[in-house]
Amino acid sequence: MGQLVPLMEWASSPKGFKYPPAPATLHRYAKTGQIIPAPIKQGSKWVVDEDAKYVGVIAKAAIPNHLPASVKALLEKTINGSQTTHT
């Protein structure tokens with residue numbers, strides 16, 4: 001395991017991205033487990049192992065249809081790490 005570095009610093013390094021995404025996108029990647037080993041939130045900042053790799057979304061969880069709409073919306077928000085829209 002390498003040294004912990006700020007998420008933006010890792011994204012700009014040769015081990016991160018060729019063209020780093022916006023900070024909000026990086027934070028979403030960190031929250032939803034798309035970086036391995038998982039980043040850690042220290043106070044208000046994300047830090048990550050300098051040798052970490054971006055893996056993206058590995059699989060989507062299936063949400064059962066028999067649940068009430070409010071529960072399904074909450075599950076979607078929890079799984080996706082962002083707000084969802086109701087239809």
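Each value in this text was obtained by applying a stated rule to the coordinates, not by laboratory testing. Everything numeric here is computed off the predicted structure, so don't read it as measured data. Cβ atoms come from the backbone with ideal geometry, glycine included; neighbour counts cover every protein chain shown.
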Selection from the stretch 39-62 of residues surrounded by 13 or more Cβ atoms within 10 Å (Cβ to Cβ), without any contact (Cβ under 8 Å) to a residue 40 or more places away in the chain and in a loop (DSSP other than H, G, I, E, B) yields Pro39
Exception for Pro21 within (1) in contact (Cβ under 8 Å) with a residue 12 or more places away in the chain; (2) surrounded by 12 or more Cβ atoms within 10 Å (Cβ to Cβ); (3) assigned to a loop (DSSP other than H, G, I, E, B) falls at (1)
